[in-house]
Amino acid sequence: MRRLSRRDFIRLTGRAGLVAPMAASLSTSPLLAACGSGADPIPPPGNGANGGADSRFPLRLPEAVGAGDLRFVAAPTEWDIGGGLRTPVWALNGEVPSPLIRVRRGERFRAVMENQVPHDLILHWHGLAPPDDMDGHPRFAVPPGGSYHYDFPVEDRAGTYWYHSHTHHHTGEHTYRGIAGLLLVTDDEEDALGLPSGPREIPLILQDRRVDAQGVPFFQPFGPALMAGYMGTQAMGNGVRDPYLEVDTALYRFRILNGSNARIFRLGFSDGTPFHLIGNDGGLLPAPEVLTAVDVAPAERVDLLVDLRGRDVGEQLMLRSLPFSLSGGMGFMGGQNLQGDPLALLELRVARAVDDGASIPTSLPPVALPDPADAVRERTFRFDSRQMNHFINGRNFEMERVDERVPFGETEIWSFVNESGLPHPVHLHATHFRVLSRSGGRGRVFPWEAGRKDTVLLQGFETVRVAVRFTAHRGLYLLHCHNLEHEDLGMMANILVE
Ligand code: C2O
Ligand code: CU
Ligand code: CU
């Protein structure tokens with residue numbers, strides 16, 4: 001009965017509540033907001049660590065859909081983000097996050113996207129390497145009422161991929177409103193490892209949201225948010241605020257995407273529990289790594305084995321974003337920059353004792369990577385931010401301009417140079433690259449950057465060198481910053497593979 005009355009209350013106030021933050025945003029000067037959290041209209045996040053059952057909400061674990069003949073209808077609707085709090089969203093088939101897709105390598109991916117949102121829309125399959133007219137380049141965005149047909153074979157290695165809107169100037173807004181989901185590719189090589197599956201394999205999209213006094217997320221980027229990117233203090237897991245998950249005393253596989261617009265997570269457990277990192281953007285790593293923390297920038301993925309055997313029923317464990325400071329000296333920039341602030345993300349509640357005979361692999365299958373010794377060419381991409389704008393090699397994105405012509409099949413060394421103190425998660429479509437070195441800033445390559453990557457974090461004034469080669473298709477693809485505010489403001493370049 002309590003739940004009903006609460007839901008009714010929200011129903012009455014939820015929509016009116018949406019107006020409040022916009023008014024607050026307009027009346028709060030960015031400079032005032034920058035002075036400290038006192039000027040910030042956002043309530044403190046529920047940390048849940050000591051909270052009762054009421055302060056956290058069950059993580060949603062959606063059923064996966066297969067690859068054949070999918071129909072995705074994108075439309076505005078409402079979504080319960082936990083405890084009956086219904087919020088306005090844009091969703092595919094009414095679901096937030098977008099439906100979980102599971103595809104077998106070699107299978108044909110056939111889907112139609114029907115656009116019923118009031119913007120142009122196109123979906124991009126992040127990390128896959130489809131033909132260029134299937135890749136969701138923003139030049140293919142279809143108007144409201146239109147639809148787009150996807151049909152291509154998935155040739156990609158098993159891994160944790162994802163998909164989201166790629167409408168130019170609106171990727172941040174669309175992703176934030178709900179048009180983003182996970183796309184898992186499986187193959188024989190991965191099957192052979194016998195990794196935790198079924199209820200022990202947890203697909204997890206972590207996001208932050210800026211919420212009003214009722215807890216309803218809103219998207220109203222202005223001033224500083226256009227430089228730092230749009231961040232909030234409300235943690236979301238699979239579209240649920242302050243989620244918890246009941247677990248067995250067993251080995252778990254967490255397939256995690258940072259689906260935030262701008263916030264970098266440093267994932268770790270409250271008590272320092274180590275985990276086994278087995279995969280990232282490009283699937284399984286060359287070898288597993290035991291870690292207590294892993295940095296995951298927007299669009300990056302990590303695949304973790306978490307061993308809960310030996311835990312006591314009733315124990316709780318919080319997956320958090322641990323505090324960190326940015327290298328490059330721009331950790332604080334305007335009132336909306338929460339980068340590096342700690343955040344409680346997902347509480348694991350040990351609920352059942354079981355006998356789990358699962359084993360942690362000690363080795364992983366070899367990964368084919370471009371060899372820098374084969375490189376025939378070098379290129380440099382400079383990421384620069386000034387006057388509320390963002391550039392690659394001094395240029396802002398233009399839909400039809402080709403920025404680089406890259407020969408198909410040739411290995412090249414690319415240097416991504418960050419000329420500012422703002423972090424940039426740099427993402428390349430249509431292939432994966434190998435991270436070779438990082439100079440400036442943190443000055444090293446991290447274990448989670450081994451293997452194949454499609455996104456790599458440049459912190460302030462860092463240069464990252466990668467070996468890259470396009471071997472899937474010729475065509476027009478994108479290189480861009482995956483801070484979605486930066487991307488939407490044009491920190492994106494057209495790469496013609498020919
Ligand atoms: Cu996930 Cu071009 O993006
Ligand atoms: Cu992508
Ligand atoms: Cu950026």
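Just reorder Arg105, Arg253, Arg311 by solvent-accessible area, largest first, 1.4 Å probe, all chains present. It would help to have the intermediate numbers written out before the result.
Working: Arg105 110, Arg253 5, Arg311 50 Å².
Descending order: Arg105, Arg311, Arg253.
Using 7 Å Cα-to-Cβ label points, what is the Glu78/Asp341 separation (nm, one decimal)?
Placing both labels 7 Å beyond Cα along the Cβ direction yields 2.8 nm.
Set the Förster distance to 41 Å, then compute FRET efficiency between Asp151 and Thr292 from the Cβ-Cβ distance, nearest 0.05. Walk me through the numbers before you get to the answer.
Numbers: r = 44 Å, r/R0 = 1.07.
Once rounded, the FRET efficiency stands at 0.40.
I'd like to check one number: the per residue accessible area of segment 372-497, probe 1.4 Å, reported in Å² as a whole number. Don't skip to the answer; put the middle values down first.
On the way: 4170 Å² over 126 residues.
Dividing the accessible area of segment 372-497 by its residue count gives 33 Å².
Tally Lys/Arg at +1 and Asp/Glu at -1 over every other residue whose Cβ is under 11 Å from the Cβ of Leu479; what's the total? Let's see the in-between values first.
Numbers: positive: Arg379; negative: Asp403, Glu404, Asp454, Glu487.
That works out to -3.
Pulled fully out, how much extra length does the chain show between Arg352 and Asn389, if you take 0.36 nm times their separation in residues and subtract their Cα-Cα distance? Intermediate values should be presented prior to the final figure.
Details: separation 37, 0.36 × 37 = 13.32 nm, distance 5.16 nm.
This chain segment gains 8.2 nm when fully extended.
Modelled label-to-label distance, Thr362 and Leu193, 7 Å Cα→beta-carbon offset: nm?
So the label points at Thr362 and Leu193 sit 1.6 nm apart.
Highest mean first, what order results for 107-114, 220-227, 394-401 on Cβ atoms within 10 Å?
Details: 107-114: 17.4, 220-227: 19.9, 394-401: 12.5.
Descending packing order for the listed peptides: 220-227, 107-114, 394-401.
Quick one: order Arg377, Arg157, Arg405 from most to least accessible surface, probe 1.4 Å. List each step's numbers first, then the result.
Values: Arg377 85, Arg157 25, Arg405 130 Å².
So, going from the largest accessible area down, we get Arg405, Arg377, Arg157.
Only helical DSSP H runs with n ≥ 4 go in: add -39500 (n - 2.57) per run for the chain, normalise by residue count and round the 222 nm mean residue ellipticity to 500 deg cm²/dmol. Intermediate results must be reported in sequence, preceding the final value.
On the way: 6 runs with 52 residues, N = 498.
That comes out to -3000 deg cm²/dmol.
What is the percent carbon and sulfur in the accessible area of segment 57-191, measuring with a 1.4 Å probe over the protein chains and ignoring ligands? Don't jump to the answer; show the numbers that get you there.
Working: 2110 of 4460 Å².
Carbon with sulfur: 47 percent of the solvent-accessible area.
How much of Thr292 can a 1.4 Å solvent probe reach, expressed as accessible area in Å² and rounded to 10?
80
Once Lys and Arg get +1 and Asp and Glu get -1 on their Cβ, which of Phe109, Gly94, Ala64 lies farthest toward the positive end of the dipole of the chain?
Checked the options; the winner is Gly94.
With charges only on Cβ, +1 for K and R and -1 for D and E, what is the dipole size of the chain about its Cα centre, in debye, rounded to 20?
For the chain, the charge dipole is close to 960 debye.
The values are calculated or read from the model by the stated rules, or taken from the named source; none is laboratory data. Quick caveat: nothing in here was measured; it's all calculated off a predicted structure. Backbone-built Cβ (ideal geometry, glycine too); neighbour counts: all protein chains shown. Ligands, DNA and RNA are excluded from the accessible area calculation, which covers all protein heavy atoms including side chains. Shrake-Rupley method; radii C 1.70, N 1.55, O 1.52, S 1.80 Å.
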